[in-house]
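Participant: Sharing a structure with you now.
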């Protein structure tokens, strides 16, 4: 990785779908990088997204946003991968997994070839398996191949609790752990069982009020 300040603040993005472009917009708005390179198999789409983002630059901190190839990831501190296939009607989760695994096995070697010293952050679903595949394909140490995990689930959980109790979700310290999928869970400390039971009771009561009848167990 380059030792210049510019190099340290360079980010790469592979995949310019809804998740990828939302990430790029957030990076631009927060001013956390001075260079962002967007890569997509559909280069025309990446070019269109870059054009839109560049039109917003007069209102944010100075930075460079460009369309690139994998070679342009050289020196990036972090490369975020959101690229992946969308689930087709009637397609099983396993079939989607097979297609996205094939995509990941194409992307990772290209990233590592041009940026062997950067961190790779995976957001492609199923994210836990994709992260494991990326780790195996890259040959990098685990601390440099990271999945987004359950951060989205945690954010949703905090928002729902805040909405239910009329509390700012930033003041709620609750977590979802495990896989980003059906087996995830909200851990409860031994001393919190009483509070957890109160939460379930409160949610049941609210559900009963809204439905006008008996509420199902949560």
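Every read-out reported here was derived from the displayed coordinates using simple, explicitly stated rules and does not represent laboratory data. Computed from a predicted structure; not experimentally measured. Positions of Cβ are generated from backbone atoms using ideal geometry, with glycine treated the same way; all protein chains shown enter the neighbour counts.
Participant: Within 10 Å of each residue's Cβ, count the other Cβ atoms and sort 180, 173, 55 from fewest upward.
Facilitator: Fewest-to-most Cβ neighbours within 10 Å comes out as 173, 55, 180.
Participant: Assuming a ≥ b ≥ c are the square roots of the Cα gyration tensor eigenvalues, decide whether the stretch 5-147 counts as rounded (a/c under 1.5), prolate (otherwise, with a/b larger than b/c) or oblate.
Facilitator: Oblate, since a/c reaches 1.5 and b/c is not below a/b.
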